[in-house]
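The values are calculated or read from the model by the stated rules, or taken from the named source; none is laboratory data. Note that this is a predicted model, so its numbers are computed, not measured. All Cβ positions, even for glycine, are placed from backbone atoms using ideal geometry, and neighbour counts span all protein chains on display.
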Amino acid sequence: MANHRIAVLGGDGIGPEVVAEGLKVLRAAGEVYGFTAETTDYPYGTDHFLATGEKFPDSALDAMRQHDAVFLGAIGDPRVEVGMLERAIIAGLRFQLDLYVNLRPIKLYDERLCPLKGKTPDDIDFVVVRENTEDAYAGIGGILKKGTPNEVAMQSMVYTRNGVERVIRYAFDLCRKRNQKRRLTLVDKANAIRAQDIWTRVFAEVAKEYPDIETDHGYVDATCMWFLKKPEWYDTIVTPNLFGDIITDLGAAIQGGMGIAASGNIHPGKVSMFEPIHGSAPKYAGKNVANPIAAIAAVGMMLDYLGEHEAGAAIDSAIQTLLTSGKVQNLRAGTHATNDVGDWTVELIQGA
Ligand code: IPM
Ligand code: MN
């Protein structure tokens, strides 16, 4: 029987609560589909930082490398400097483990969840492949003469040939595997940010190896508009890190909100990290009101990545049932108890 070693980082705010529901579902899926999951909890996050001064030490990264996957809840807490622990832990994992793909499916499960008029599940089912190790996130920049009238602040958008090519290849392969519209859209802003010409060129070059895939291009500003007007156009999207961050919040909104959107931070063949896209929502922490579906969906993506395709599909279909049957009425915090939603998912998996 396969055993999967999972590092668990509950993190801040609602993170530990939604992660607990994800783990419930993970165990239930293991029983039904015949695998075990050996989980190890790690304490990194704001409480740990305030108690020890430690953000995310090298020893933690080494520990992550000893696992098959990492399951992360959320990081972020107003008691510490904005973004400090997000950069250390989330970006730390992405960069140090070289998780160059951030995979973000945008799928509408039920028409009632969509804020767009007249759009149905047939219209919204695409995936964003967000580059995850470069761009404005690369950390090349800083502030000089801070607080003076001569202050200088800069941050570089960094793209490497290798970094661009590998994520574009991943997106072409994924598009072929999805076997839906076989359309891959490159989203960039190469008309204004000339450095992104490297994306245009590499995309065109790699496309020659995939004659069965239709190539398409959109500027990021126009893409935001088209997400709302014509989401049915999209199949697979590939885009630099920062634009991927922005358009996937919009994507989450059209699929029902942050309560449902999950992501995988992937380096094929290596230890990869799975997390809900939402943040730590401190105002809901500890109240058992956060919706755990995004975290549960992240577990589904993780299992699929680990080769447990049936279990991954079962979790996806359990979520679908919860949302279409009306058992979960909406994804807003407070509508259902966090642990109830986890229990209902477990029941559906056991009954599958
Ligand atoms: C995300 C988040 C992160 C990002 C933050 C927390 C650094 O918004 O995963 O989308 O910008 O990538
Ligand atoms: Mn984001």
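Consider LYS55 against the criteria (1) assigned to a strand (DSSP E or B); (2) away from ligand 2 (no atom under 16 Å from the Cβ); (3) surrounded by 15 or more Cβ atoms within 10 Å (Cβ to Cβ): it satisfies all of them except one. Which criterion is unmet?
With respect to (1) assigned to a strand (DSSP E or B); (2) away from ligand 2 (no atom under 16 Å from the Cβ); (3) surrounded by 15 or more Cβ atoms within 10 Å (Cβ to Cβ), LYS55 is out only on (1).
Filter the range 60-87 down to the residues that are over 15 Å from ASN265 (Cβ atoms) and either within 15 Å of ligand 1 (Cβ to nearest atom) or under 15 Å from the mean Cα position of the chain (by Cα) (or both) and list them by number.
GLY76, ASP77, PRO78, VAL80, GLU81, VAL82, GLY83, MET84, LEU85
Need a quick list: helices (runs of 4 or more DSSP H) entirely within the range 259-352 having at least 1 residues that are touching a Gly at 6+ places or on another chain (Cβ under 7 Å).
293-305, 309-324
Residues in the range 21-51 that are closer than 17 Å to ILE319 by Cβ and aliphatic (A, V, I, L, M): how many?
Qualifying residue count, the range 21-51: 6.
Residue by residue, here is whether (1) within 20 Å of ILE140 (Cα to Cα); (2) surrounded by 23 or more Cβ atoms within 10 Å (Cβ to Cβ) holds:
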| position | (1), (2) |
| --- | --- |
| ALA63 | no, no |
| GLN66 | no, no |
| ILE75 | no, yes |
| PRO78 | no, no |
| LEU85 | yes, yes |
| LEU93 | yes, yes |
| GLN96 | yes, no |
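Restricted to the range 118-141, and to residues that are in contact (Cβ under 8 Å) with a residue 40 or more places away in the chain and over 26 Å from ILE90 (Cβ atoms), which residue is surrounded by the fewest Cβ atoms within 10 Å (Cβ to Cβ)?
Among them, the one singled out is ASP122.
Among the residues of the range 259-286, write down those that are in contact with a His (Cβ under 8 Å, 6 or more places away or on another chain) and within 10 Å of ligand 1 (Cβ to nearest atom).
ALA261 - this is the single residue of the range 259-286 that is in contact with a His (Cβ under 8 Å, 6 or more places away or on another chain) and within 10 Å of ligand 1 (Cβ to nearest atom).
Identify, from the list ALA262, ALA295, ALA285, the residue that is over 14 Å from the mean Cα position of the chain (by Cα) and either within 23 Å of TYR33 (Cβ to Cβ) or modelled with pLDDT of 95 or more (or both).
When all the criteria are applied, what remains is ALA285.
Name every residue in the range 1-35 that is among the acidic types (Asp, Glu) and in contact with a strand residue (DSSP E or B) (Cβ under 7 Å, 6 or more places away or on another chain), in order of residue number.
ASP12
Within the bounds of the range 87-105, is there any residue that is in contact (Cβ under 8 Å) with a residue 40 or more places away in the chain, assigned to a loop (DSSP other than H, G, I, E, B) and either of a type in the set (Val, Ile, Thr) or touching a helix residue (DSSP H, G or I) at 6+ places or on another chain (Cβ under 6 Å) (or both)?
yes
What number of residues in the range 210-252 are away from ligand 2 (no atom under 16 Å from the Cβ), touching a residue at least 24 places away in the same chain (Cβ under 8 Å) and not in a helix (DSSP H, G or I)?
Within the range 210-252, residues that are away from ligand 2 (no atom under 16 Å from the Cβ), touching a residue at least 24 places away in the same chain (Cβ under 8 Å) and not in a helix (DSSP H, G or I) number 13.
Is it true that GLU38 is farther than 21 Å from MET64 by Cβ, more than 18 Å from the chain's Cα centre (by Cα) and not β-branched (Val, Ile, Thr)?
no
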